[in-house]
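Here the structure comes first, spelled out in structure tokens, and everything after it is commentary.
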Amino acid sequence: MIRDRDSRFTALFDEVFTTAGIRVVLAAPQAPRMNAIMELWVGSVRRELLDRILIMNERHLRTVLAEYETYFNRQRPDRALNQASPLRALPDPVDADIEVSRRDRLGGLLHEYAQVA
């Protein structure tokens, strides 16, 4: 478990995880953005996925998270990247009429849009 160095987390807090066999790793000192990236990911997964789907078991969770990870990195638009995806640049703008196709993922929970050639 990765946690920050806040004084609210006492040695007893860490002991609970250590007893369960979980190694506690402290975030780097004076690195405020270190947690921000993971907080964005966790928040997105909760809002866009886990709040909308019932997870049946660990295997189902892993399958759903793998599908969401692919969607998050390849299809989901990111405001910081000017609506591009982390692993896919925006296509060049087209002035002609274009047709758009939609592909549903995870039973319609997520949608992918693409231009039809």
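The values are calculated or read from the model by the stated rules, or taken from the named source; none is laboratory data. Treat the numbers as computed from the prediction; the structure is a model and nothing was measured. So basically every Cβ, Gly included, is an ideal-geometry build from the backbone, and we count neighbours across all protein chains shown.
Considering segment 53-79 alone, what residues qualify as being surrounded by 12 or more Cβ atoms within 10 Å (Cβ to Cβ), out of contact with any Pro (no Cβ under 9 Å at 6 or more places or on another chain) and either among the basic types (Lys, Arg) or not in a loop (DSSP other than H, G, I, E, B) (or both)?
Passing the criteria: His60, Leu61, Thr63, Val64, Leu65, Glu67, Tyr68, Glu69, Thr70, Tyr71.
Quick one: what pairs do we get from segment 62-75, first residue within 15 Å of Tyr113 (Cα to Cα) and touching a residue at least 24 places away in the same chain (Cβ under 8 Å), second of a type in the set (Gly, Ala, Ser) and outside any helix (DSSP H, G or I), C-beta under 7 Å, 6+ apart or different chains?
Qualifying pairs under 7 Å: Gln75/Ser85.
I'd like to verify a number: residues in segment 1-18 that are assigned to a loop (DSSP other than H, G, I, E, B) and not small (Gly, Ala, Ser), how many?
Just the residues of segment 1-18 that are assigned to a loop (DSSP other than H, G, I, E, B), to begin with: 1, 4-10.
Now drop any that are not not small (Gly, Ala, Ser), which leaves 1, 4-6, 8-10.
So the count comes out to 7.
Any residue in segment 22-36 that is part of a loop (DSSP other than H, G, I, E, B) sitting within a Cβ distance under 6 Å of a residue that is at pLDDT below 75? List the pairs, counting only those 6 or more apart or interchain.
From residues that are part of a loop (DSSP other than H, G, I, E, B), the pairs are Ala27/Met34; Ala28/Met34.
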